[in-house]
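Enquirer: Quick one: the structure is below, questions incoming.
The values are calculated or read from the model by the stated rules, or taken from the named source; none is laboratory data. What you see is a predicted model, and the numbers here were worked out from it, not measured in a lab. Because the Cβ atoms are built from the backbone with ideal geometry, glycine has one as well, and the counts that use them run over all protein chains shown.
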Amino acid sequence: MNHLTRRSLVKSSFMPLAGMMGLPSISEAAQTAGSPYRRPKLRITEVRTAEVRVHGYQVHVRVYTDQGIIGQGETTDASEGNVPLIRSFARMLMGQDPLNVEAAFERIRTAGIFAGAQSGQYVTALTGVETALWDIAGKALGLPVYQLLGGRVRDRVRVYCDSGAREMIPGNERSKARIQEIHDLGFTAMKIDIDDAGDPARFDRVNWTASNGEIEHMVAKVAFTRETCPKNIDLAVDMHGRYDAGTAKRVAREMEPFKLLWLEEPVPPENIDAMRDVRASTSTPICCGENIFLRHGFRELLEKRAVDIVMPDFQKCGGLLESRKIADMAHTYYVPVAPHAVTSPIGMMATAQVCAAIPNFLVQEWHWIDSQDLWRNWVKEGEIIQKGFIPLPERPGIGVEMNEEGARKAQVPGTPWFEAAGRG
Ligand code: MG
């Protein structure tokens, strides 16, 4: 349809009726016509990727448009295998309007329902693309992404510090120094791990039924951290979904005196009834969700009251709008959201854009205390966390831009760096 014809259609008195009937040609005409809104017209021209390894393996995504606006996204954890998936998604995106994010998301998701689009790598790859589309939408409209997700309900996003690779060993000076470092950085919450494959009290390399000795060691780590850490810092504890139900109940009970922010995945997340039984057995708040995908994955978890807090990873669970929907679903059960987050400042800021807009946000993770030089040099804006909070930027889109020189230090050797994919 040529431009002249579209204009003539807009001026037509039949336009309202045609719009009600949802005729695509009329809709297109309305978009193209000059209006007070001056909606930008963009088309997707290309999708490129770069692979990095810092806290695990991540894929950075760039979506290019015919107007020179480039959107960026990031995928994490279930990212292995994402590059060929994203290449296949690119074929579905070519020539499309990037501002119709939900349509692009749904087209790709439903195209993959026989290929694993319910969870895992497929959804993670889709998350990176969806995030990049929101970045484009924000830049095209001159608005931060949170403004497009409902507007902000807070001015800054609270962040908690994962203690990193430094295990909390009772009485250990290096452990004390790490806790002091977290305090000095200004965080109001932190997290430690208590699952230990190398615990000398473990008698089996495969089975995760904890012995009395292991449970004593877990309790000692938490007691040491709680005593060393100032009282105004909340403490969360992660068991990484390894243990059996009996162990989980015993540990959750032992944790009660410490008044944890939460106990994370005391059992694996697949059996929601088991998670619910653990929760019902203790006053310790139970948190779960970093390996659950889409609203569909969280539905039963919430319906069965299996958790006190959900922790979807916004850079792998389905995208920014899907994360908002998961949060909204949790809100109807009065369950707060504490997103799992281990990405670079790009993924962290994308996550923060959603956290800004959801009423039931609790706290967002940060897992780069062992890679602080990389962290501070990853984006042109430098340090995005100020004294334990991410102040929300006013900049359009996600609000940060990659500093290539800094980020490229983490490039996976031998992989392309946002280079054009070959034909085929
Ligand atoms: Mg975890």
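Enquirer: Could you check, for the range 322-333, whether at least one of its residues is within 16 Å of the ligand (Cβ to nearest atom) and in contact (Cβ under 8 Å) with a residue 40 or more places away in the chain? Outline the logic, then answer.
Expert: Just the residues of the range 322-333 that are within 16 Å of the ligand (Cβ to nearest atom), to begin with: none.
Within the range 322-333, not a single residue is within 16 Å of the ligand (Cβ to nearest atom) and in contact (Cβ under 8 Å) with a residue 40 or more places away in the chain.
Enquirer: Under the condition of being β-branched (V, I, T) and not in a helix (DSSP H, G or I), which residue from the range 334-370 is nearest to the ligand (Cβ to nearest atom)?
Expert: Looking at residues that are β-branched (V, I, T) and not in a helix (DSSP H, G or I), I get V342.
Enquirer: Right, here's the next one. Can you tell me which of G246, G241 is within 11 Å of the ligand (Cβ to nearest atom), at pLDDT 95 or above and either more than 14 Å from Y160 (Cβ to Cβ) or surrounded by fewer than 21 Cβ atoms within 10 Å (Cβ to Cβ) (or both)?
Expert: It is G241.
Enquirer: Confirm whether L294 is within 30 Å of L126 (Cα to Cα), touching a residue at least 60 places away in the same chain (Cβ under 8 Å) and more than 15 Å from the ligand (Cβ to nearest atom). Walk me through it before giving the result.
Expert: Details: within 30 Å of L126 (Cα to Cα): yes; touching a residue at least 60 places away in the same chain (Cβ under 8 Å): yes; more than 15 Å from the ligand (Cβ to nearest atom): yes.
In short, yes.
Enquirer: Sort out which residues of the range 103-131 are out of contact with any helix residue (DSSP H, G or I) (no Cβ under 9 Å at 6 or more places or on another chain) and closer than 30 Å to R395 by Cα, and write them in order of number.
Expert: Those that are out of contact with any helix residue (DSSP H, G or I) (no Cβ under 9 Å at 6 or more places or on another chain) and closer than 30 Å to R395 by Cα: A103, E106.
Enquirer: Would you tally the residues in the range 365-418 being surrounded by fewer than 20 Cβ atoms within 10 Å (Cβ to Cβ) and at positive phi?
Expert: Qualifying residue count for the region: 4.
Enquirer: So which residues in the range 299-321 are outside any loop (DSSP other than H, G, I, E, B), more than 16 Å from the ligand (Cβ to nearest atom) and touching a residue at least 60 places away in the same chain (Cβ under 8 Å), if there are any at all?
Expert: Scanning the range 299-321 gives L320, L321.
Enquirer: Only one of A280, A252 is touching a strand residue (DSSP E or B) at 6+ places or on another chain (Cβ under 6 Å), farther than 19 Å from F361 by Cβ and more than 15 Å from the ligand (Cβ to nearest atom); which?
Expert: Residue meeting the stated conditions: A252.
Enquirer: Restricting to the range 51-94, what's the tally of residues that are closer than 22 Å to P144 by Cβ and either more than 19 Å from the chain's Cα centre (by Cα) or charged (D, E, K, R) (or both)?
Expert: 8
Enquirer: Something else about it: Enumerate the pairs (first residue in the range 232-245 and in the same structural domain as F187 (by TED's automatic domain parsing) and of a type in the set (S, T, N, Q); second residue anywhere and part of a strand (DSSP E or B) and within 16 Å of the ligand (Cβ to nearest atom)) with beta-carbon separation below 9 Å, excluding pairs fewer than 6 apart on the same chain, so at least 6 apart or on different chains.
Expert: Nothing qualifies.
Enquirer: Check the range 224-237 and report whether any residue there is surrounded by 18 or more Cβ atoms within 10 Å (Cβ to Cβ) and within 14 Å of the ligand (Cβ to nearest atom).
Expert: Within the range 224-237, one or more residues are surrounded by 18 or more Cβ atoms within 10 Å (Cβ to Cβ) and within 14 Å of the ligand (Cβ to nearest atom).
Enquirer: Could you tell me how many of the residues in the range 249-276 are surrounded by fewer than 16 Cβ atoms within 10 Å (Cβ to Cβ) and either touching a helix residue (DSSP H, G or I) at 6+ places or on another chain (Cβ under 6 Å) or not basic (K, R) (or both)? Don't jump to the end; show me each part of the working.
Expert: Going through the range 249-276, the residues surrounded by fewer than 16 Cβ atoms within 10 Å (Cβ to Cβ) turn out to be 253, 256-257, 259, 270-271, 273.
Going one step further and asking which of them are either touching a helix residue (DSSP H, G or I) at 6+ places or on another chain (Cβ under 6 Å) or not basic (K, R) (or both), we end up with 256-257, 270-271, 273.
Total meeting the criteria: 5.
Enquirer: Okay, moving on. Restricting to the range 194-214, and then to whatever is of a type in the set (A, V, I, L, M) and crowded, with 19+ Cβ neighbours inside 10 Å, can you tell me which residue is nearest to I169 (Cα to Cα)?
Expert: Initially, the range 194-214 is screened for residues of a type in the set (A, V, I, L, M), giving 194, 197, 201, 206, 210.
From what is left, the residues that are crowded, with 19+ Cβ neighbours inside 10 Å are 194, 210.
On the way: I194: 10, A210: 18 Å.
Checked the range 194-214; the qualifying residue nearest to I169 (Cα to Cα) is I194.
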